[in-house]
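The values are calculated or read from the model by the stated rules, or taken from the named source; none is laboratory data. All values reported here derive from a predicted model rather than from experimental measurement. Here the Cβ positions follow ideal geometry from the backbone for every residue, glycine too, while neighbour counts run over all protein chains shown. We work out accessible area using only protein heavy atoms, side chains counted, and drop any ligands, DNA or RNA first. Shrake-Rupley method; radii C 1.70, N 1.55, O 1.52, S 1.80 Å.
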Amino acid sequence: MSKVYVLDHPLIQHKLTLIRDESTGSKEFRELVEEVAMLMAYEVTRDFPLEEVSIKTPVGPAKARVISGRKVGIVPILRAGLGMVSGMLELIPTAKVGHVGLYRDPDTLQPVEYYCKLPTDVTERDLIIIDPMLATGGSAAAAIQFLKDRGVKNIKLVCLIAAPEGIDNVQEQHDDVDIYTAAVDEKLNEHGYIVPGLGDAGDRLFGTK
Ligand code: PRP
Ligand code: URA
């Protein structure tokens, strides 16, 4: 069974509260999402292996550790996932970024795919899928399947807020994918929105409401 990591660092929780607040406008919302994504990248990369190298400091030779040849891909689910890309890249600057376009049909709540562009060497990379909201889990599960169908083996899912229903759905379909979230909220409402959540992440990021 995959693991669910709830990242309860005080900085993440403080910023998430500001993100949730309906009085937070788009500019601040974007900045906060970027900052939280950067903080989450720190935890998501915790299991990266290290190797020893020889270097010279100004004082003399030293053995020191660097990350061991890890190739990473960051895959935002369009559109709201875009808000987390720059924060992740701050800490993992050598990552390549692929895009998967999915929107949730408002009536059926089923994910509809409309775009895909991935790094050419995607199968050699460890992929981090990012999307602020894990609601029914339909979009995330579809994106994971999409990447697996293209030969990707190592996938992590990172979101800001998850509903229990979304976590169950992803774990049922993909029990090899660990989930990293800043919060697990109470439930979904009748429109498939996370309660209390933060509203529509894409609209709040891009001011489309
Ligand atoms: C939102 C969100 C997720 C999805 C989550 O995207 O960013 O991708 O809904 O819902 P689910 O877990 O029930 O699939 P949306 O479809 O609103 O598209 P957008 O990012 O373009 O606003
Ligand atoms: N998508 C969002 O943007 N917010 C939710 O609460 C659920 C899906």
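Of everything in segment 118-170, what is open to solvent by 40 Å² or more (accessible area, probe 1.4 Å), in contact with a strand residue (DSSP E or B) (Cβ under 8 Å, 6 or more places away or on another chain) and more than 16 Å from ligand 2 (Cβ to nearest atom)? Give them in sequence order. Residues satisfying the conditions are LYS148, ASN154. Taken together, the criteria place GLN110 among residues that are open to solvent by 90 Å² or more (accessible area, probe 1.4 Å) and closer than 16 Å to MET133 by Cα.
For ASP168, state whether it is modelled with pLDDT of 95 or more, more than 21 Å from MET84 (Cβ to Cβ) and either assigned to a strand (DSSP E or B) or within 12 Å of ligand 1 (Cβ to nearest atom) (or both).
So ASP168 passes the test.
When the residues of segment 175-209 are filtered to those that are of a type outside the set (A, V, I, L, M, F, W, C) and not in a loop (DSSP other than H, G, I, E, B), the one that is farthest from ligand 1 (Cβ to nearest atom) is ASP178.
Checked against the criterion of being away from ligand 1 (no atom under 16 Å from the Cβ), closer than 27 Å to ALA135 by Cβ and open to solvent by less than 50 Å² (accessible area, probe 1.4 Å), segment 55-70 contains not a single residue that satisfies it. Within segment 79-95, being open to solvent by less than 100 Å² (accessible area, probe 1.4 Å) and not small (Gly, Ala, Ser) holds for ARG79, LEU82, MET84, VAL85, MET88, LEU89, LEU91, ILE92, PRO93.
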